[in-house]
Amino acid sequence: MVIDSIVLTLADEAATIQLGEDLALALKPGDCLALSGDLGAGKSTLARAFLRAMADDPDLEVPSPTFTLVQSYELRIPVAHFDLYRLGDASELEELGFDEALADGICLVEWPELADAALPGNRIRLQLVHDGEGRRAEIAGPEADLERIGRSLTIRRFLTENGHGADRRRYLTGDASLRAYETLMRSDGTQFVLMDWPRHPEGPPVLDGKPYPKVAHLAEEVLPFVAIARYLQDCGLRAPGVLAADYENGLLVLEHLGEAGVLDERGQPIAERYQAAVECLAHLHGAPVVREIPVTAEHLHTVPDFDPVAMKIETRLILDWYLPWKRGGRSATDLERQRYSEIWDGLIDRLRSSERHLLLRDYHSPNLIWRQADQDLSRVGLIDFQDAMIGPTAYDVASLVQDARVTIPPALGEDLLNRYLTLRHAQQTGFDEDAFRTAFAIMSAQRNCKLAGLWVRLKQRDGKPGYLKHMPRTMTYLATALAHPALAPLREWMAEAGIDFSES
C-alpha cells in the first residue's frame, strides 16, 4: 500500500509533545522536517519535545532560533533547528550552513514557506492546523520517510492498547541486526524495554536458493525470542518477562532487567560476574533439552539444529570478507576454497558425538545483565537469545570465555573453563572432558572465523567501521583455538593462505 500522507488529531498540548517524541524515534540523518502552521499552532512545542527526546533530557534548554535563525545541538543525531521567520532571502540558507547540517544530521525548519525553493524537494512536510479545540497534524513526504514515521506511530498505538500509552519513549540501541530497542519510562520511574522487530523482505539467495538467515537459522521475527525466554525461565534462569506482544507487527514490551553489566567502569571483565555467568551455562546444560516450545495457541516454536550447513556458511565469512580485505582485494582461489571446505567438513564431523544442548549464540558481555540484589542464578540477566539453536554445548562456553567485545585475560579464561568443567563433572557421572575440550577448540575456531569476516562485512557493506576494533582480539582467540591438535589442518591452511595473526 502506497502511503502519501499521515493525518493525526492532537487533542491537546500533551499530544503535540508526544508526536514530537515519536518523530525523534523515526527521523534519521539527512532528514529535513519542515514545520508549518499559524502562530500558536504548536510548532515550537513540537520542536522542543523532539529535541528533548533526542537528547533524553526533559530539561534541555531549547531557546527559540527566531533571532539567531539557527540553533545547533550535538545529540545522538546532530540536529539543527532553523527558524526562517526573519530570513531576508532564501540564499542566506547557504550562509547558515544548512547543507552541512543536513549532511551530518537532521534539520528542523520552522516557517519553511519563506525559503521554499531552497529547501530539499524530498523534505518531510508537517503542517499543524487548528481544529476546533485541538489541532490536526498533516504529514507528507517521500514514501520511505512516511513508512518510518508510520512505524513509530504504530508503536505508540500498540503501547496505548497495552497500558503504556503515556510512557516516555527513548532510543536505547540499534544492534548490528534489523532490531531496534527503546526504553519506556513511566512517570514513577518504572522502566520497560520495547523490542521493535518488523519483518523484512528476504535477501538474495546464498545457498540452494535460500537467503543467509534461513541457511544459518537466524530468527526473523519475535516469536522465537518469546519461546526461548519462556524456556530459560522454566529452567530457573533470568530472562525478561514478555509483558505485551504484537506478533504480526513484531513488537514486544519486555521487563527491564537493569543497566549494570559484567564489565567495570574501564570496560574490563569483572571476574565474579563472569564466574556467575559460566555457572548459569553449566546449570542450563544440566537441564532437559526441549525442542518444541508453545508460544501462542497457533504457534509452536521448533528450535533448529546448529547443523553442518549452518556451521559452514558462517565459517565462509572469513573467506568472503576477511581474506580479500587482508590481501588488498585478492579473493581466495578455488583451490583454497575447496581445501578450506574439506577441512571444515572433517572438523564438523568430529562434533557428531559431542554433547548437545540449547546454545544461545551470543553469550557474552553485551547480553549479560548483572542484578546485584538477586541471588544465585538470578544475578545474571539474559538477553538477545532469539537465534538459539541446539548444538554443541561448547559453543556458548567459548563465546563467554573468549568474549568477542572485551579481552578476557588468559588466567581468567582458564578459570572460567575449569569452573564450568568442575560443575559439569559434579552434575553428570562420566562427563567426557577431553571430548568437550576438543569441541571447545572447534567451536572457538568456527565462531572466530565467522567474526573475523563479520567485522569486515559490517565496515564494507553496512558502513559500520567501529566493529574493526574487535579484530585483533578475534584473531588472538582464533590463534589460541588453532593450537589444539584437532585444529592442525586449519592452522596449516591459514599459514599457507598468508594469514599473519600478529598483524591483525
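The values are calculated or read from the model by the stated rules, or taken from the named source; none is laboratory data. Keep in mind that this is a model prediction, so the values were computed, not measured. Every residue, glycine as well, gets a Cβ built from its backbone with ideal geometry; the counts of neighbours run over all protein chains shown. Accessible surface is based on the protein model in full, side chains and every heavy atom, while ligands, DNA and RNA are left aside. Shrake-Rupley method; radii C 1.70, N 1.55, O 1.52, S 1.80 Å.
For this structure, a couple of remarks:
- With at most 14 other Cβ atoms within 10 Å, longest stretch of the chain clear of loop GluC sites (Glu not before Pro) (DSSP): 299-504
- Check: region 122-281 dipole with +1 on Lys, Arg Cβ and -1 on Asp, Glu Cβ, in debye: 340
- Charge dipole (Cα centre; +1 on Lys/Arg Cβ, -1 on Asp/Glu Cβ; no other charges) of region 326-407 amounts to roughly 340 debye.
- Using just its DSSP H runs of length 4 or more, each adding -39500 (n - 2.57), the chain gives a mean residue ellipticity at 222 nm of -11500 deg cm²/dmol after division by all residues.
- Stretching the chain fully between Arg157 and Ala483 yields a gain of 111.9 nm (0.36 nm per residue, less the alpha carbon separation).
- Heavy-atom accessible surface of the chain: percent carbon and sulfur, 1.4 Å: 50
- Each of Gly209, Gln18, Gly97 was placed along the dipole of the chain (beta-carbon charges, centred on the mean Cα), and the one lying farthest toward the positive end is Gly209.
- Seen through its C-alpha gyration tensor, with square-root eigenvalues sorted a ≥ b ≥ c, region 143-215 comes out prolate because a/c lies at 1.5 or above while a/b is bigger than b/c.
- Cα-derived Rg to Rh of region 219-313, Kirkwood definition: 1.02
- For the chain, share of DSSP beta bridges that run antiparallel, in % to the nearest 5: 75
- Under 12 Å, Cβ to Cβ, from Val7 - net charge with Lys/Arg +1 and Asp/Glu -1: -1
- For region 318-357, the calculated P(r) over all alpha carbon pairs, in 5 Å bins from 0 to the bin holding the longest distance, is 6, 21, 18, 17, 13, 11, 8, 4, 0 percent.
- The three principal axes of the Cα atoms in region 172-330 give end-to-end lengths of 57, 46, 38 Å, sorted in falling order.
- Projection of the Cα convex hull of region 95-220, averaged over all directions and equal to a quarter of that hull's surface, yields 12.7 nm².
- Charge dipole of the chain (Cα centre as origin; +1 on each Lys and Arg Cβ, -1 on each Asp and Glu Cβ, all else neutral): 1500 debye, rounded to the nearest 20.
- Length-normalised contact order of region 1-90 in % [C-alpha pairs under 8 Å, at least 6 apart]: 23
- The mean sequence distance of close C-alpha pairs (under 8 Å, at least 6 residues apart), as a share of the length of region 327-456, puts its relative contact order at 26 percent.
- Neighbour net charge for Thr68 - beta-carbon separation under 15 angstrom, K R +1, D E -1: -4
- Once backbone amide H atoms are built at 1.01 Å from N, Leu359 has Met389, Ile390, Gly391 as its partners under 5 Å, excluding neighbours fewer than 5 places away on the same chain.
- Per the Debye calculation on the chain with a single equal scatterer at every Cα and no solvent contribution, log₁₀ I(q)/I(0) for q = 0.07, 0.09, 0.11 Å⁻¹ amounts to -0.47, -0.74, -1.02.
- Of Lys214/Lys450; Lys312/Lys459; Lys214/Lys326; Lys43/Lys464; Lys210/Lys450, those spanning more than 26 Å from alpha-carbon to alpha-carbon: Lys214/Lys326; Lys43/Lys464
- Here's the picture: charge each Lys and Arg Cβ at +1 and each Asp and Glu Cβ at -1 in the chain, and of Ser36, His130, Ala426 the one pushed furthest to the positive end of that dipole is Ala426.
- Region 360-497 shape via C-alpha gyration tensor axes, a/c threshold 1.5: oblate
- Long-range amide H partners of Ile106 with built H, under 5 Å: Gly30, Val79, Ala80
- Dipole-positive endmost among Val7, Phe82, Leu108 within region 1-150 (Cβ charges, Cα centre): Val7
- Averaging the sequence gap over all C-alpha pairs within less than 8 Å and six or more residues apart, then dividing by the number of residues, gives the chain a relative contact order of 12 percent.
- Å² of accessible area per residue within the chain, as computed with a 1.4 Å probe and no ligands counted: 45
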